[in-house]
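Here the structure comes first, spelled out in structure tokens, and everything after it is commentary.
Every read-out reported here was derived from the displayed coordinates using simple, explicitly stated rules and does not represent laboratory data. Keep in mind the model is a prediction, meaning the values are calculated, not measured. Neighbour counts are summed over all protein chains in view; Cβ atoms, including those assigned to glycine, are modelled from backbone coordinates with ideal geometry.
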Amino acid sequence: MPPRHVAVLHGPNLNLLGTREPAVYGTVTLAEIDRGLVERAKARGATVESFQSNLEGELVQRIQEVAGRAQAIVINPAAYTHTSVAIRDALSAVGLPAVEVHLSNLHRREPFRRRSLTAPACIGTIAGFGARSYYLALTAALDLLEDT
Ligand code: CA2
């Protein structure tokens, strides 16, 4: 069987991680998270690819593209979590198992962050563990794939 391949998508402003607002989002950079994902995937005989965009349409496009090569998606839609019917529809359309990730615990923040438009198109959500949320989400995705 070819190695399991997981596509990781990061939404708007996550490219700033580690450089701004460390009190909210921590000091780890996105590049460090991506390297951690590669290492953890490798340890399980899997592969990952990561993509960040500040543009909704690029995220939609990427979801459609990865459907041909990935078996699961890990996605932090960032602010689009709360607004994007387009990303939700793309996730539903491709039908890959997806895990939604958030660095922060949305339920400890402003009320508008409690509603996710994208979560219903995902198997589940992991939030509130900082960079570790991504690693837990990758574990969840790979465990799911092992079960299938
Ligand atoms: O907690 C998360 O992962 C969020 O998806 C982050 C989004 C926010 O809009 C969601 O409600 C929750 C914001 C990402 C912004 O990232 C920054 C990183 C460093 C400095 C400034 C913004």
What helices in the chain pass both tests, a Cα length along the helix axis of 15 Å or more and a mean Kyte hydropathy of -1.0 or higher, using whole DSSP H runs? 30-43, 56-66, 132-147
Using θ = phi - 60° and the Karplus curve 6.51 cos²θ - 1.76 cosθ + 1.60, what whole-Hz ³J(HN,Hα) does each residue of the range 97-103 get, with Gly and Pro shown as x? x, 10, 10, 8, 10, 9, 5
Counting other Cβ atoms within 10 Å, which trypsin sites (Lys or Arg not before Pro) in the range 7-53 have at most 11 and lie in a DSSP loop? 20
